[in-house]
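Presented below is the structure to which this report refers.
The values are calculated or read from the model by the stated rules, or taken from the named source; none is laboratory data. Every value quoted in this text rests on a predicted model; they were computed, and no experiment measured them. Neighbour counts run over all protein chains shown; Cβ positions are idealised from the backbone, glycine included.
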Amino acid sequence: MFQYKQRYPRRKIVFYGDDTWIKLFPHSIFDRHQGLQSFFVTDFKEIDFNVTMSINEELKRMSDWHLLIVHYLGLDHIGHAIGAFNSLVEEKLSEMDEVIEGIYSKMSSNDLLIVTGDHGMADKGGHGGSSYVETHVPAVFVSKQFERSQSFEREYLQIDLTATLSGLLGIPIPFNNLGILIEDLLKEFYHSNRSHLLKCLIDDNRRQLFNLLSSQKLSNSFDDIEFIRDQATKLANQQDLSMLVSSIVIFSLSTIILYFQFQIERESMFSICLSILIYFLSKQILLSLSFGVISCCLITIFKRKSSPSNETSTQVNFLLKVYPTFHLLSLFSSSFIEEEHQTWYFLFSTYLFISTIEQKSMNNFILLILSRLIRNWNQTGNKWLHLTDIADFFNENQNEIYLFSLHLISTVILICLLNKPRRRYLIFALIVLFYRWNSSWLASLSPLVYYLLLIVFSWKKALSIEESLFLLLYLIIRPHNCLLIVVYMIFNRYLQIDNARLAFLLSQCAFFHLVRIEVFSLILNKILFFFLFKGKFKFICNNRCFCRICWNSIL
């Protein structure tokens, strides 16, 4: 778009939709724009309605602009919140069909409409994996010039869209782009009387890719543009071995730091200062972080050797010491990375199993049963994401009565887990149930009352910080996940969380258990389970601050 604006400064670009575009490009790029907040994933209608209204206004003055970009969010939000197979997706697709039909009716013979997406969608609604439905995205090119032509279907790489758009807009292909022109499309759009222009575009594309291979001898293959692109792609994908080794070293040393749990408040400041100094001298963030981690690791080990340990030598403590190393080794396998949640579930269940045997505790046995139950609540990962889980059962339309019963029972248990007197917390339960199961306009105002009550109760010390965060999270999540919050409240009450490594293990399991809920809930979840145990050990605020920063930055 920068090249287009630079080459045609008088041509107008108009944008409506996801405000990420506004953040990426300066306002001078767009002559008119309206960026809409994409953070609220429960908004399925309002954002798209505003975009459609803006499009209708622009269609009334098509001579006043040359390029119109719109980014709808509703379909993506539905997928993240509910999944790919539901009535809302069908309604949204019908809505998009009407929008496309309205645009097409206003198009002239020289106009071109492109409909595509930046990613696909898994059956469960998410994206980011390597499955076919997530990596393969349809791109539809619509023009009245194509009415007499036969449609064609062929797979292209997403990077080919950049080169093709450059050819359609009449601007040079970006120098580092590895895409090739979609010739079948350009042949239809550029008629026979402009065939010379198409030939020039293809030659420019070949020359641009060939220039990326200045060190390669490909004179015999100059006409094979796909071969040139493949060679350029291999060259671009070459890894910096030194950077890769440094990353592994940092990750390994961070694991060693987490292994040793000891007081290093003042010494950790030395590591932080050393990292900052190395960064200003070298301007290399990875190098500076390496020095900081190595120095902090040496200090931690030295302090460990010079001070007596109060930990009892049990199998549970041994597990908590070695699991970071076990997790580190698992990350050398791509399959383990895709199914990382299985590693955390296994470690947590193993911890509960061993502690049940060692302590002969019925409480730990019940917690083990609960941990096994919630593992199948929300399927995640890639290999088994397509399988039906417990949440799918409750979200089916014919099972709404079961979902309501689950929500009601979970709400009662939630109130029972709060501090006495519990009667004063009934108002929270009533508001949650009213908000989730009432469709009147008053229901939309109930969260405001809920937030105000939380603030008042927290201000008067009637609720602890942990309870306030649990109650806040309970309102935000969808009804089928309410039982997970109750289970983690039970974990918080009955697990003796007096160890930093156990808290980290529990927080990672919580992250994957709640992986299918709204983004805001995930952020709250991470805040909750790292802040929750602040009173039981100084994990965040002092002696682990640098260790925690390094660990988070690498993860």
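Assorted remarks:
- Restricting Tyr425, Tyr451 to residues that are more than 26 Å from Phe85 (Cβ to Cβ) and within 27 Å of the chain's Cα centre (by Cα) narrows the list to Tyr451.
- The single residue among Leu201, Leu197, Leu157 that is surrounded by 12 or more Cβ atoms within 10 Å (Cβ to Cβ) and either within 33 Å of the chain's Cα centre (by Cα) or touching a residue at least 60 places away in the same chain (Cβ under 8 Å) (or both) turns out to be Leu157.
- Lys360 passes every criterion in (1) surrounded by 13 or more Cβ atoms within 10 Å (Cβ to Cβ); (2) of a type in the set (D, E, K, R); (3) farther than 30 Å from Leu88 by Cα apart from (1).
- Tally of residues being among the aliphatic types (A, V, I, L, M) and assigned by TED's automatic domain parsing to the domain that holds Gln496 across region 345-390: 3
- Helices (runs of 4 or more DSSP H) fully within region 462-555 counting 1 or more residues that are modelled with pLDDT of 80 or more and surrounded by fewer than 22 Cβ atoms within 10 Å (Cβ to Cβ): 465-476, 482-494, 500-513
- A single entry from Val89, Val115, Val99 fulfils the requirement of being closer than 30 Å to Asp64 by Cα and either surrounded by 19 or more Cβ atoms within 10 Å (Cβ to Cβ) or within 24 Å of the chain's Cα centre (by Cα) (or both): Val115.
- Criterion violated by Leu112 - all others in (1) in contact with a Ser or Thr (Cβ under 6 Å, 6 or more places away or on another chain); (2) without any contact (Cβ under 8 Å) to a residue 24 or more places away in the chain satisfied: (2)
- Odd one out for Cys416 among (1) farther than 30 Å from Leu502 by Cα; (2) part of a helix (DSSP H, G or I): (1)
- Qualifying residue in region 47-54 (condition: farther than 30 Å from Gly170 by Cα and not in a helix (DSSP H, G or I)): no
- Test for Lys12: is it charged (D, E, K, R), over 26 Å from Ile82 (Cβ atoms) and touching an Asp or Glu at 6+ places or on another chain (Cβ under 8 Å): yes
- Any hit, region 106-123, residues being touching a helix residue (DSSP H, G or I) at 6+ places or on another chain (Cβ under 8 Å), assigned to a helix (DSSP H, G or I) and modelled with pLDDT of 90 or more: yes
- Among all positions in region 57-68, there is no residue which is within 21 Å of Asn395 (Cα to Cα), crowded, with 16+ Cβ neighbours inside 10 Å and not assigned by TED's automatic domain parsing to the domain that holds Leu165.
- Residue ID - modelled with the highest pLDDT, chosen from residues in region 14-45 that are within 25 Å of Glu90 (Cα to Cα) and in a strand (DSSP E or B): Tyr16
- Residues that are in contact (Cβ under 8 Å) with a residue 24 or more places away in the chain and of a type in the set (D, E, K, R), drawn from region 427-484: Arg436, Glu466, Glu467, Arg478
- Scanning region 317-372 for residues that are out of contact with any helix residue (DSSP H, G or I) (no Cβ under 9 Å at 6 or more places or on another chain) and under 16 Å from Phe511 (Cβ atoms) turns up Glu338, Glu339, Phe346.
- For region 243-250, the condition of being closer than 28 Å to Pro138 by Cα and either buried (at least 18 other Cβ atoms within 10 Å of the Cβ) or at pLDDT 70 or above (or both) holds for none of the residues.
- Some residue of region 63-76 being in a helix (DSSP H, G or I) and under 25 Å from Pro9 (Cβ atoms): yes
- The set of residues in region 337-368 being in contact with a Phe, Trp or Tyr (Cβ under 9 Å, 6 or more places away or on another chain), closer than 14 Å to Thr380 by Cβ and in a helix (DSSP H, G or I) consists of Glu340, His341, Gln342, Thr343, Trp344, Tyr345.
- Residue match in region 148-170 (condition: within 15 Å of Met1 (Cα to Cα) and not in a helix (DSSP H, G or I)): yes
- Residue-level check: of (1) loosely packed, with under 12 Cβ neighbours inside 10 Å; (2) under 30 Å from Glu340 (Cβ atoms); (3) in contact with a helix residue (DSSP H, G or I) (Cβ under 8 Å, 6 or more places away or on another chain), Phe393 misses just (1).
- Unique match (being modelled with pLDDT of 80 or more, in a helix (DSSP H, G or I) and surrounded by fewer than 16 Cβ atoms within 10 Å (Cβ to Cβ)) among Leu442, Leu433, Leu453, Leu426: Leu426
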